[in-house]
1. Test each condition in (1) assigned to a strand (DSSP E or B); (2) modelled with pLDDT of 85 or more; (3) over 23 Å from residue 138 (Cα atoms) for residue 57 and report the one that comes out false.
2. Given region 73-137, what strands (runs of 3 or more DSSP E) lie entirely inside it while holding 3 or more residues that are touching a strand residue (DSSP E or B) at 6+ places or on another chain (Cβ under 8 Å), modelled with pLDDT of 90 or more and exposed (fewer than 15 other Cβ atoms within 10 Å of the Cβ)?
3. Residue 37 - would you say it is surrounded by fewer than 17 Cβ atoms within 10 Å (Cβ to Cβ), small (Gly, Ala, Ser) and modelled with pLDDT of 90 or more?
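The values are calculated or read from the model by the stated rules, or taken from the named source; none is laboratory data. All figures in this text were calculated on a predicted structure; none of them were measured in a lab. Ideal geometry is used to build each Cβ from the backbone, glycine not excepted, and the neighbour counts take in all protein chains shown.
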Amino acid sequence: MTPANPTTSTTGSESCNAMTRVGAGDNFNEDLHERQAMKAEQALRNATSGQSFMNYEGIFSGFQAMGIPADDIKPRVNVFTFNAWKALGRYVREGQQGVKVCTFVPTERTEKETGVVRRFRMPRQTTVFHLSQTNDINQ
């Protein structure tokens, strides 16, 4: 029997056995942390590089409804997604409610027949949080 790869889908006891072998999960955990860090950094780049103002009205009205003064709401300065806050060294406090917004995420697809790579932006719904809903990771 070959050792199970913890990054592939396994069933039942195979999965449990793969993860309990000495050192079997080390690479998996390292890869997971690296992927999470890359995801957080990409979220921050997306949040700070956008040029659209289409969500600003929803962001302002949503956070004002939560009692945050309009003067304290600065999208792309103190309003970010969960992963963007993570990349900034902050975490969203448990139980915090954010404001849902529509964002456009850079995506690429390769056409099977031609091999041509198409790059485009896909709409995605995400939640943004205000600075006042976060804490420093080191606290």
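1. Among (1) assigned to a strand (DSSP E or B); (2) modelled with pLDDT of 85 or more; (3) over 23 Å from residue 138 (Cα atoms), residue 57 violates only (1).
2. Per the criteria, 99-110, 117-130.
3. no
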